[in-house]
Amino acid sequence: MQKAVIVSNVSMRFRMNRERVDSLKEYAIRRLKKQLTYDEFWALRDVSVTVEKGENLGIIGLNGSGKSTLLKIIAGVFRPTSGKVEVHGDMAPLIELGAGFDSNLTARENVFLNGAVLGCSRAFMSTRFDEIIDFAELGEFVDVPVQNFSSGMVARLGFSIATLVRPEILIVDEILSVGDFKFRQKCQKRMREMMSEGTTVLYVGHSANIVKDICDKALWLEKGEARMYGDAEEVCSAYEATGNVEAEQ
């Protein structure tokens with residue numbers, strides 16, 4: 001089978017200032033004088049995973065385990081401290097609420113803005129506009145600036161745009177947990193449709209049950225390290241057996 005995503009020995013280190021710096025000027029002076037001190041935090045350590053085209057990977061673990069950091073590295077938001085990531089195929093990342101949106105623009109304007117970012121023409125987005133808004137259930141708010149939207153409304157609009165264009169690789173973080181139960185079911189249904197059409201999905205969620213239901217494989221991260229990788233049913237069952245599983249959203 002062809003590879004969609006190859007993560008090879010990826011580690012990610014963050015440096016956190018120990019002292020508060022109140023201005024850019026103060027930061028620059030301290031840096032020149034070498035007076036800045038840092039704490040190192042390794043969000044990921046030597047993580048490797050391969051996702052085949054058409055395969056669906058669920059990533060599980062407690063908060064702070066490195067799940068979102070891994071997705072951001074795969075999406076190109078972060079550059080890893082060490083290791084390598086290869087992505088083969090066009091990708092639509094749904095990682096952070098509001099990413100790719102201009103909060104001062106309306107939902108209508110942001111649909112076309114996001115379409116352009118995803119490589120879609122204005123003509124194409126025009127033909128699919130009603131479908132996007134209907135799926136997001138935002139008909140009454142189409143000309144309202146996104147800055148006035150709730151987090152759930154932003155998530156609905158972002159998901160609707162990203163999944164309508166049917167990318168080869170869809171990356172979905174825990175942003176869908178902000179939506180109501182009915183909309184989450186709607187999103188899961190659309191993801192299943194995309195999976196059946198061959199889209200590769202990388203999904204991070206709190207619910208091990210959802211991962212078991214929609215994913216072929218699962219990666220369990222613990223304190224930045226890969227604890228277990230393999231069949232989704234087996235990995236999720238082992239994760240749940242620890243008793244440290246967070247409450248499902």
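Between ARG166 and GLU234, 0.36 nm times their residue separation minus their Cα-Cα distance comes to what?
This chain segment gains 21.6 nm when fully extended.
I'd like the Kirkwood hydrodynamic radius of the range 39-80, using the inverse of the mean 1/r over distinct C-alpha pairs, in Å.
11.7 Å
Count charges around PHE124 for me, please; just the other residues with Cβ under 15 Å from its Cβ, Lys/Arg as +1, Asp/Glu as -1.
0
Kindly report, to the nearest 10 Å², the accessible surface of ARG128 as traced by a 1.4 Å probe over protein heavy atoms only.
Its heavy atoms expose roughly 70 Å² to the probe.
Net charge around PRO145, counting only other residues with Cβ within less than 10 Å of its Cβ (Lys, Arg = +1; Asp, Glu = -1)? Don't jump to the answer; show the numbers that get you there.
Working: positive: none; negative: ASP102, GLU109, ASP143.
Around PRO145, the surrounding residues sum to -3.
At R0 = 22 Å, how high is the FRET efficiency between SER126 and GLU197 if r is their beta carbon distance? Nearest 0.05 is fine.
Values: r = 23 Å, r/R0 = 1.06.
The formula returns an efficiency of 0.40 here.
For labels at THR242 and LYS223 in the simple 7 Å Cα→Cβ model, what's the distance in nm?
Going by the 7 Å Cα→Cβ label model, 1.0 nm.
Which entries of LYS67/LYS182; LYS53/LYS182; LYS182/LYS212; LYS84/LYS186 show an alpha-carbon separation above 27 angstrom in the structure shown?
With Cα atoms farther than 27 Å apart: LYS53/LYS182; LYS84/LYS186.
Starting from the Cα of ASN209, step 7 Å along the direction of its Cβ; do the same at PHE14; then give the gap between the two resulting points in nm.
If labels sit at ASN209 and PHE14, their model points lie 3.1 nm apart.
Take the alpha-carbon centre of the range 209-223, take the same for the range 91-153, and report the distance between them in whole Å.
Here the answer is 29 Å between Cα centres.
Can you give the local net charge around ASP231? Use residues other than it whose beta-carbon is closer than 9 angstrom to its beta-carbon, Lys and Arg +1, Asp and Glu -1.
Counting the neighbours of ASP231, the net charge comes to -2.
At 7 Å along the Cα-to-beta-carbon direction for both THR81 and VAL117, put a label point, then send me their distance in nm to one decimal.
2.8 nm
The values are calculated or read from the model by the stated rules, or taken from the named source; none is laboratory data. Treat the numbers as computed from the prediction; the structure is a model and nothing was measured. Because the Cβ atoms are built from the backbone with ideal geometry, glycine has one as well, and the counts that use them run over all protein chains shown. Areas reflect the complete protein model, heavy atoms only, side chains present, ligands, DNA and RNA absent. Shrake-Rupley method; radii C 1.70, N 1.55, O 1.52, S 1.80 Å.
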